[in-house]
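See below for the structure under consideration.
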Amino acid sequence: MMAACPACAAAPAAVELAQANSTLQISVPSVRCAACISAIERHLTHVQGVVSARVNLTQKRVHILTDLPASAMVEALKHIGYDAYPLDARALAQNVDLEGRDLLMRMGVAGFAMMNVMLLSVAVWSGASGATRDLFHLISAMIAIPMVLYAAQPFFKNAWSVLKVRRLNMDVPISLAIILACGMSLFETLMGGEHAYFDAALSLTFFLLIGRYLEHRTRSAAHSAAKELAALEAHTAELKTEAGSETVSIDALKVGDIVLVASGMRVPADGFLVTPEGVTDRSLLTGESEPVSHTVNDQLHSGEINLAGPLEVRVSAVGQDTRLHQIARLVETAENARNRYTSLADRAAQIYAPAVHLLALATFVGWVIWGLDVRHALNIAIAVLIITCPCALGLAVPAVSTAAISRLYRLGFLVKSGTALERLSEVKTVVLDKTGTLTSPDFSFDLSDFASRDLSIAKALAQASAHPLSQALDRHLESQPSATLNGPREVKGCGVSGFYGQIPVALGKADWLGAGDTGLCLKIGDHRHALPFQEPLRTGVLEMVDGLKANALQLEILSGDNEAKTRNLARNLGLNKFQSKTSPEGKNAHVADLADQAQFPCMIGDGLNDTVALASAHASIAPGTALDAARNAADVIVIDDTMEKIPQVFAISRKAVALSRQNFGIAIAYNAVAVPIAILGYATPLAAALAMSLSSITVLVNAARVGFEK
Amino acid sequence: MNVLVFLIPISLSLGGLGIWAFVWTLKSHQYDDPSGDAARILAEEE
């Protein structure tokens with residue numbers, strides 16, 4: 001993580017003379033107010049070697065221009081009481097949101113053009129006639145046409161790209177309405193006609209760009225927060241060199257390299273153990289909650305967490321050959337299937353677009369048969385196209401999902417995919433992973449029926465071992481005095497034995513002590529006591545299970561861990577469906593089975609073994625503590641440890657879909673009134689402007705209801 | 001209606017001024033950190 005510039009760190013005074021040219025980004029989640037901003041900026045700029053520091057409150061980050069290493073900055077921030085986490089610049093990629101700025105620019109241009117044209121239109125509507133009206137129309141045309149050509153490009157591009165693959169979406173009728181309105185109005189202007197719809201074309205563009213921009217902003221907030229989670233992880237490894245060790249990027253590792261893994265760190269690449277023995281936590285990879293002991297030459301996978309002393313690992317696979325990459329390939333295939341999901345807006349567009357186009361055509365043909373000249377018939381037909389409120393229809397879904405996603409964001413959920421809300425609202429069965437999702441990979445013991453003497457012996461034995469289970473037992477027996485043992489001896493991979501006075505005592509694996517079953521056992525003389533232990537539930541899991549049941553969802557546990565533990569947990573949570581010892585492919589297959597039974601499964605999981613199921617399930621949720629790959633595959637990420645709020649995700653997404661449907665209803669109701677008027681030829685640009693604004697505002701206000709607490 | 005000769009150019013140039021100001025705010029990164037800017041006006045100048 002350290003920027004490799006020891007000279008700078010050693011002589012900070014010299015740095016100020018040299019031009020610092022690297023920007024560090026540091027995440028400071030606790031920055032909240034104006035006082036925090038000035039405290040941080042003032043403190044950092046006084047640190048020698050810092051050229052400038054600027055807090056971004058929206059992103060809760062500090063950008064620092066300096067040559068000092070990130071760790072020095074984290075230290076400086078800790079000094080004034082802020083927890084800080086350096087972000088990996090490469091994982092953040094580009095920080096500037098270019099697409100958002102582009103949309104904002106188009107929105108602004110359309111807005112200003114609309115205001116000017118509207119001013120001219122108001123004059124026409126209030127009775128300007130003859131040469132004055134023609135002049136006003138001409139000026140409107142000169143403003144509107146270039147501005148529409150610039151501002152409405154996102155719709156044109158989208159419409160073109162779906163038309164090329166012979167499909168329809170909402171952008172097709174929108175683009176057509178904009179283009180025809182401008183074309184027809186230009187023709188009318190040149191012919192000295194009465195009606196011009198330039199203001200309608202511009203306000204349509206403006207309103208829809210607002211929707212597009214809001215949608216983009218919520219989505220990019222989710223994306224940048226997700227990227228930030230990824231950037232919090234160091235993508236580096238400690239490479240063993242002749243001189244000691246060197247920090248290198250994981251990409252730079254080669255087969256045969258020896259990497260050092262400090263205690264508590266993740267193994268950076270697949271490889272074989274060089275150190276005589278080690279203990280790792282594999283729960284993110286396989287779902288096993290118990291630590292796994294390894295001896296020299298055992299295979300380790302990237303992502304395992306080192307629980308004991310420092311390890312040396314000889315790298316055996318990099319890049320495409322790692323287990324992680326194989327899983328990533330499976331995920332890609334699974335995601336392609338999900339991308340075929342047709343959203344509510346697209347389904348509506350597939351009905352609406354042909355209907356409105358046929359209606360306009362029928363109007364035109366009808367009027368021509370009635371005996372009207374082609375120019376007037378065309379005028380009326382185009383007025384029908386403009387007045388059918390593509391605006392309200394175009395805003396119906398994005399407005400609601402924007403409001404719903406920002407509400408979920410405030411509750412601590414990142415919604416990454418646009419159609420996630422719709423998919424979540426259809427879910428009938430929730431599939432839960434065990435380790436890491438429902439339980440923490442830690443242990444709690446139930447020692448109520450042990451004599452005090454036995455506990456003292458257990459504690460003394462536990463203290464003689466560095467195994468994580470022993471250490472957890474030692475912590476659990478904090479207040480217990482430990483007995484004095486003679487010659488405690490650790491048998492690697494089995495347990496600890498020794499003598500209490502003359503009595504042989506031992507603590508270790510049940511099968512080593514002849515107690516048959518799996519688990520932990522304390523042996524005193526000939527007496528064997530099983531030490532029942534279980535993984536503690538994550539906070540909020542009980543509330544989550546109750547809440548999900550209250551939302552009429554079926555629950556299942558799908559675990560990679562052994563059956564006894566899975567059954568135990570299922571019983572504690574009051575669930576009767578569970579499956580244990582499931583492989584990653586098995587989880588995927590089970591989710592596919594549920595999908596075939598029209599259960600619309602939602603997977604909630606955190607590990608590599610859940611990743612494929614997360615990607616293939618109808619919808620998916622991952623805790624923020626999940627593995628990188630799992631977070632990438634999931635639709636929704638729980639940022640804080642707020643498991644108890646997960647039922648709200650389902651409740652809010654159902655409400656959002658209901659409101660979207662209501663919005664379509666509102667838009668259709670407006671059409672039911674406005675379309676007959678347009679077909680009969682009574683539509684004026686004023687009526688079009690009123691219908692468009694009123695329907696759009698109604699739809700937006702209705703959408704905002706999803707943001708309110710009940 | 002001769003007054004239009006002045007009024008139309010004036011209204012167009014005001015609109016143009018608005019657009020120019022908007023583009024300027026966008027180019028000078030004034031929308032990058034809205035909540036930070038809202039908080040900063042409360043901070044005392046040094």
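The values are calculated or read from the model by the stated rules, or taken from the named source; none is laboratory data. None of these values were measured; they are calculated from a predicted model. Note that we place each Cβ from the backbone using ideal geometry, even for glycine, and neighbour counts take in every protein chain shown. Protein only, heavy atoms only, side chains kept; ligands, DNA and RNA dropped before computing areas. Shrake-Rupley method; radii C 1.70, N 1.55, O 1.52, S 1.80 Å.
Against the test of being out of contact with any strand residue (DSSP E or B) (no Cβ under 6 Å at 6 or more places or on another chain), closer than 30 Å to A:Ala222 by Cα and at pLDDT below 80, the options A:Val15, A:Val96 yield a single qualifying residue, A:Val96.
Only residues that are part of a loop (DSSP other than H, G, I, E, B) and more than 7 Å from every other protein chain (Cβ to nearest Cβ) were counted across the stretch B:5-31, and they come to 3.
Select the strands (runs of 3 or more DSSP E) contained entirely in the stretch A:256-322, then report the ones holding at least 1 residues which are touching a helix residue (DSSP H, G or I) at 6+ places or on another chain (Cβ under 7 Å).
A:270-273, A:277-281
Please work out if A:Gly211 is more than 46 Å from the chain's Cα centre (by Cα) and either open to solvent by less than 30 Å² (accessible area, probe 1.4 Å) or not charged (D, E, K, R) (or both). It is false that A:Gly211 is more than 46 Å from the chain's Cα centre (by Cα) and either open to solvent by less than 30 Å² (accessible area, probe 1.4 Å) or not charged (D, E, K, R) (or both).
Would you confirm, using the coordinates I've provided, whether B:Ser11 is hydroxyl-bearing (Ser, Thr, Tyr), more than 21 Å from A:Ala110 (Cα to Cα) and open to solvent by less than 90 Å² (accessible area, probe 1.4 Å)? The answer is no for B:Ser11.
Counting residues in the stretch A:164-175 that are within 25 Å of B:Leu12 (Cα to Cα) and either away from every other protein chain (no Cβ under 14 Å) or surrounded by 14 or more Cβ atoms within 10 Å (Cβ to Cβ) (or both) gives zero. Specify the residue that is surrounded by the most Cβ atoms within 10 Å (Cβ to Cβ); the eligible residues are those in the stretch A:106-118 that are touching a helix residue (DSSP H, G or I) at 6+ places or on another chain (Cβ under 6 Å) and within 9 Å of another protein chain (Cβ to nearest Cβ). Among them, the one singled out is A:Ala113.
Pairing each residue of the stretch A:561-572 that is touching a residue at least 12 places away in the same chain (Cβ under 8 Å) with any residue that is open to solvent by 50 Å² or more (accessible area, probe 1.4 Å), provided the two are 6+ apart or on different chains, yields C-beta distances under 6 Å for A:Asp561/A:Glu288; A:Thr566/A:Phe578; A:Ala570/A:Phe578. In the stretch B:33-45, what residues are within 7 Å of another protein chain (Cβ to nearest Cβ) and open to solvent by 40 Å² or more (accessible area, probe 1.4 Å)? Scanning the stretch B:33-45 gives B:Pro34, B:Ser35, B:Arg40, B:Leu42. Is it true that some residue in the stretch A:2-10 is at pLDDT 85 or above, open to solvent by less than 40 Å² (accessible area, probe 1.4 Å) and either over 30 Å from B:Ser11 (Cα atoms) or not in a helix (DSSP H, G or I) (or both)? No, the conditions are met nowhere in the stretch A:2-10. For the stretch A:580-602, what are the residues that are open to solvent by less than 50 Å² (accessible area, probe 1.4 Å), outside any helix (DSSP H, G or I) and under 13 Å from A:Asp561 (Cα atoms)? Once the filter is applied, which keeps residues that are open to solvent by less than 50 Å² (accessible area, probe 1.4 Å), outside any helix (DSSP H, G or I) and under 13 Å from A:Asp561 (Cα atoms), the stretch A:580-602 yields A:Ser580, A:Thr582. I'd like to know if the stretch A:66-76 contains one or more residues that are farther than 21 Å from B:Gly36 by Cβ and exposed (fewer than 15 other Cβ atoms within 10 Å of the Cβ). For the stretch A:66-76, residues farther than 21 Å from B:Gly36 by Cβ and exposed (fewer than 15 other Cβ atoms within 10 Å of the Cβ): present.
Answer yes or no: is there a residue in the stretch A:629-640 that is assigned to a helix (DSSP H, G or I), under 16 Å from the mean Cα position of the chain (by Cα) and of a type in the set (D, E, K, R). Yes: the stretch A:629-640 contains one or more residues that are assigned to a helix (DSSP H, G or I), under 16 Å from the mean Cα position of the chain (by Cα) and of a type in the set (D, E, K, R). Output yes when any residue across the stretch A:49-60 is open to solvent by 60 Å² or more (accessible area, probe 1.4 Å), of a type in the set (A, V, I, L, M, F, W, C) and at pLDDT below 85, and no when none is. No: the stretch A:49-60 contains no residue that is open to solvent by 60 Å² or more (accessible area, probe 1.4 Å), of a type in the set (A, V, I, L, M, F, W, C) and at pLDDT below 85. The helices (runs of 4 or more DSSP H) falling completely within the stretch A:55-156 that include 1 or more residues that are aromatic (Phe, Trp, Tyr) map to A:98-125, A:130-151.
Only one of the listed residues (A:Ala362, A:Ala355, A:Ala403) is crowded, with 18+ Cβ neighbours inside 10 Å and not aromatic (Phe, Trp, Tyr). That residue is A:Ala403. Each residue in the stretch A:119-154 was checked for being under 47 Å from the mean Cα position of the chain (by Cα) and either more than 9 Å from chain B (Cβ to nearest Cβ) or under 30 Å from A:Glu215 (Cα atoms) (or both), and 18 pass. For the residues A:Gly574, A:Gly560, A:Gly607, A:Gly516, the requirement of being of a type in the set (Gly, Ala, Ser) and modelled with pLDDT of 85 or more singles out A:Gly574.
Scanning the stretch A:127-142 for residues that are modelled with pLDDT under 85 and surrounded by 14 or more Cβ atoms within 10 Å (Cβ to Cβ) yields one hit, A:Ala128.
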